[in-house]
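I have placed the structure first, in the form of structure tokens, so that the comments after it can refer back to it.
The values are calculated or read from the model by the stated rules, or taken from the named source; none is laboratory data. Bear in mind the structure is a predicted one, so any value in this text is a computation, not a measurement. Using ideal geometry, Cβ is built from the backbone for each residue, glycine included, and neighbour counts are taken over all protein chains shown.
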Amino acid sequence: MPIDHDRLFKELLTIFFTDFIALFQPELLGWFEPDSVTFLDKEIFTDIFGGERHEADLVANVRCKGGSACFLIHIETQAKRQPDFAPRMFKYFVRLHEKHRVPIYPIAVLSYDSPRTPEPDSYSVAFPDWEVLAFRFRTVQLNRLNWRDYLGSHNPVASALMAKMAIEPKDRPRVKAECLRLLVTLKLDPARSRFISGFIDTYLRLQREELPIFDHLIHTEFLPTEQEQAMELTTSWKEEGIQIGIQQGLKQGFHQGEYHALKRLLTRRFQTLPDDVLARIEAAPQEQLEQWLDNTLDAATLEDVFRNH
């Protein structure tokens with residue numbers, strides 16, 4: 001299935017909410033009680049005039065000094081910058097404040113790759129004689145953050161989000177290795193560790209020529225215990241997709257099973273498949289499907305799957 005980027009980010013920030021605050025707004029940790037965090041059901045706001053529905057991505061209620069408050073975390077996971085971003089943040093804030101009548105702390109998490117020019121962190125309405133409105137919000141723009149600044153953070157959210165920060169092409173294997181190193185030193189429970197691992201692999205998938213560099217870093221710079229845990233996670237990256245695809249395929253005839261297994265796996269790995277690729281898979285004999293399934297274990301791009309090795 002195509003990657004649900006909204007769901008991935010929401011799950012990350014829900015599971016590791018306090019770690020997210022500790023990473024980007026650490027001064028707030030002494031202001032609210034971490035054990036009091038509860039997440040409100042999906043908040044839907046309807047535009048009064050246009051009838052459009054807007055979903056506030058994540059709303060957390062907390063107990064703090066002075067009473068209750070809410071965190072409004074809006075996540076932009078689209079491929080590129082969206083228009084009217086600051087006015088939309090203000091609209092979400094107003095709807096939420098009107099509904100709950102508590103202090104609202106607004107945070108925007110921007111995960112697109114480009115452009116890297118800074119996004120606004122305020123929205124204002126002003127006239128020549130005075131300023132009617134000055135609304136401010138926190139902005140975490142990942143493509144403007146340097147991954148090196150988070151190496152020593154010992155924070156699971158840093159381990160995940162370094163994969164979406166500003167990365168030079170030559171540094172991609174290094175960053176993925178450092179994400180993994182940080183993850184294995186955190187000693188999370190298996191479920192949370194696998195979630196972070198999957199997040200890293202989703203957003204920092206290496207090209208074929210980058211894989212030897214990545215493997216060399218693990219084998220030369222990781223401690224022996226870290227190497228073992230890292231290899232377990234990297235093995236799971238290769239195996240998880242192929243196992244899911246094959247399990248689905250076995251429900252049908254052998255040839256049809258491999259066809260559906262390959263189609264499902266490629267969709268999971270590379271999202272939307274071009275029509276010519278789908279036609280090529282459908283017309284291929286069983287032996288060719290088997291070879292392409294094997295290729296998918298190590299393929300970094302869609303083209304790698306159909307290469308003759």
Regarding Glu43, is this residue surrounded by 14 or more Cβ atoms within 10 Å (Cβ to Cβ) and not assigned by TED's automatic domain parsing to the domain that holds Leu266? yes
Given the condition surrounded by fewer than 16 Cβ atoms within 10 Å (Cβ to Cβ), at pLDDT 75 or above and touching an Asp or Glu at 6+ places or on another chain (Cβ under 8 Å), answer yes or no: does some residue in the stretch 282-301 qualify? yes
Checked the stretch 106-133 for anything within 13 Å of Met89 (Cβ to Cβ) and assigned to a strand (DSSP E or B); matches are Pro106, Ile107, Ala108, Val109, Leu110, Ser122, Tyr123, Ser124, Leu133
Quick check on the stretch 243-267: of everything there that is within 28 Å of Ile196 (Cβ to Cβ) and surrounded by fewer than 18 Cβ atoms within 10 Å (Cβ to Cβ), which residue is modelled with the lowest pLDDT? Ile246
Search result, residues across the stretch 119-137 that are surrounded by 11 or more Cβ atoms within 10 Å (Cβ to Cβ) and not hydrophobic (A, V, I, L, M, F, W, C): Glu119, Pro120, Asp121, Ser122, Tyr123, Ser124, Arg136
Kindly evaluate Thr225 against the criterion of being among the polar types (S, T, N, Q), modelled with pLDDT under 90 and buried (at least 16 other Cβ atoms within 10 Å of the Cβ). no
